[in-house]
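Undergrad: Let me give you the structure first, and then I'll get to my questions.
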Ligand SMILES: Cc1cc2nc3c(=O)[nH]c(=O)nc-3n(C[C@H](O)[C@H](O)[C@H](O)COP(=O)(O)OP(=O)(O)OC[C@H]3O[C@@H](n4cnc5c(N)ncnc54)[C@H](O)[C@@H]3O)c2cc1C
């Protein structure tokens with residue numbers, strides 16, 4: 001059966017998050033986005049105060065234990081106020097996914113309550129020389145007495161410097177290729193761990209992204225997630241699953257841009273009538289609305305497949321690919337419909353446009369999504 005209805009609990013949650021997003025997150029987002037060096041702690045604090053950093057943390061560890069569809073609904077609402085804020089949450093979900101997939105009970109009992117109490121986490125995979133080719137890691141994990149020594153550099157890590165812990169991917173032996181990769185839990189205050197650079201980004205400025213230097217960071221033996229040699233599998237499982245959530249962020253962002261464009265098109269008059277009465281504008285709005293609905297359906301389908309534990313790899317990539325490209329299309333056209341008003345800093349659509357571009361890169365670029373989808377055909 002195909003059902004598009006939300007449960008009363010989901011409806012109530014969505015309404016609650018929509019209010020928080022509009023009244024609390026959006027104003028803070030405007031302030032942080034305009035700051036030359038935004039304070040990276042402020043948005044996580046607000047998200048934590050409203051219980052929004054731990055969407056998937058199971059109830060037994062103090063979280064709400066939402067299913068994937070419900071988490072996507074929440075992310076859409078946060079992103080409609082600020083895609084950067086939603087990225088903080090999504091990145092935390094990525095960092096915890098390996099724990100949910102392969103963590104021991106002791107690891108979960110130690111780290112998941114941190115998130116339930118409002119902490120955020122970082123997913124540290126990319127490196128200066130490893131981006132799309134995520135298997136080409138150079139960060140090393142050398143066995144030592146009682147654990148491992150991690151050494152290397154991780155790039156563009158969301159929540160760098162504010163994370164309670166990082167899920168760090170490193171290789172025990174580069175000659176083994178993907179089979180040498182493992183995932184390690186590294187506390188945010190680990191000795192030898194340092195944020196060497198905070199990126200001054202085009203968009204998503206309300207979330208912090210930085211370079212992590214690991215200078216002989218000791219990780220105890222119980223910090224290894226899963227069996228040795230399964231890290232590459234863990235990272236692909238996490239990314240396959242997580243892509244749909246960046247799709248949900250694209251849907252929320254695009255929705256906000258459409259709402260702004262619609263309001264403007266109804267208000268602004270040119271050639272003696274509101275510009276929405278000109279077919280060139282109304283058809284654009286029709287295409288924007290259609291792409292948003294299609295993107296949302298792809299996100300919901302992917303999340304439903306995850307909840308049913310069915311194969312979701314292609315569906316998740318399709319959701320991310322389509323929603324991120326829809327977000328760029330919708331936000332770009334929102335700027336066009338607002339004309340000169342959309343091109344100034346004080347107008348929200350200017351931020352939406354900058355934020356949208358990142359969604360086509362983060363979590364695998366559009367080309368990489370097409371490669372994944374093609375491999376599944
Ligand atoms: C805002 C932001 C937040 C991020 N957060 C995180 C994070 O929290 N953790 C983390 O680990 N990483 C994070 N990243 C990194 C992100 O995952 C990478 O930027 C992304 O995977 C692309 O890698 P790259 O930037 O090195 O580009 P490259 O891999 O160098 O690619 C450059 C270009 O070449 C194309 N290309 C590469 N290979 C192929 C191919 N085989 N076929 C066709 N085209 C190809 C790409 O699509 C792209 O257009 C973040 C990035 C951004 C922008």
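Throughout, read-outs are computed from the coordinates displayed, never taken from laboratory work. On a predicted model such as this, the values are computed, not experimentally measured, just so you know. Note that we place each Cβ from the backbone using ideal geometry, even for glycine, and neighbour counts take in every protein chain shown.
Undergrad: Please determine, in degrees from 0 to 90 and to the nearest 10, the orientation of helix 231-267 with respect to the longest principal axis defined by the Cα atoms of the chain, where the helix direction is its Cα long axis.
TA: So the inclination is approximately 20 degrees.
Undergrad: For a quick protection proxy, order the peptides 161-174, 95-108 by their average other-Cβ count within 10 Å, most packed first.
TA: For the peptides 161-174, 95-108, the packing ranking is 161-174, 95-108.
Undergrad: While we're here: Calculated from DSSP H runs of 4 or more alone, at -39500 (n - 2.57) each and per residue, what is the 222 nm mean residue ellipticity of the chain, nearest 500?
TA: -17000 deg cm²/dmol
Undergrad: What's the angle, to the nearest 10 degrees (0 to 90), between helix 68-81's Cα axis and the longest principal axis of the chain?
TA: That works out to roughly 60 degrees.
Undergrad: What angle do you read, to the nearest 10 degrees and between 0 and 90, between the alpha-carbon axis of helix 348-359 and the longest principal axis of the chain?
TA: Tilt of helix 348-359: around 40 degrees.
Undergrad: Which length gain, in nm to one decimal place, applies between residue 50 and residue 294 when the Cα-Cα distance is subtracted from 0.36 nm times their residue separation?
TA: 84.9 nm
Undergrad: For the pair residue 215 and residue 138, how long in nm is the line joining their label points, each one 7 Å along Cα→Cβ?
TA: Calculated label separation equals 1.8 nm.
Undergrad: Measuring from the lowest to the highest alpha carbon on each principal axis, how far does the chain reach, largest first, in angstroms?
TA: In descending order, the Cα extents are 79, 50, 38 Å.
Undergrad: Here is a further query. How many nm separate the modelled label positions at residue 222 and residue 336, each set 7 Å beyond the Cα in the direction of the Cβ?
TA: Taking the simple label geometry, residue 222 and residue 336 are separated by 5.8 nm.
Undergrad: Between the stretch 30-104 and the stretch 293-358, what's the alpha-carbon centroid distance in Å?
TA: 18
Undergrad: Another question, then. Arranged from highest to lowest average of other beta-carbon atoms within 10 Å per residue, in what order do the peptides 73-80, 242-249 appear?
TA: Highest-to-lowest ranking by the protection proxy: 242-249, 73-80.
Undergrad: Going by C-beta contacts inside 10 Å, put 264, 278, 227 in order with the fewest on the left.
TA: Ascending Cβ contact count within 10 Å gives the list 227, 278, 264.
Undergrad: What does the extension gain come out to for residue 278 and residue 197, with contour length at 0.36 nm per residue minus their alpha carbon separation?
TA: 24.3 nm
Undergrad: Follow-up question, since we're still on this one. May I ask you to compute the full-extension gain from residue 236 to residue 269, defined as 0.36 nm times their residue separation minus their alpha-carbon distance, rounded to one decimal in nm?
TA: Value of the extension gain: 6.8 nm.
Undergrad: Would you mind putting 58-71, 293-306 in packing order, based on average other-beta-carbon counts within 10 Å, highest first?
TA: 293-306, 58-71
Undergrad: Same structure again: Residue 286 versus residue 3, label points 7 Å from Cα toward the beta carbon: distance in nm?
TA: Label at residue 286, label at residue 3, 3.4 nm between them.
Undergrad: Continuing with the same structure: Give the distance, in whole Å, between the Cα centre of the stretch 248-274 and the Cα centre of the stretch 140-188.
TA: 44
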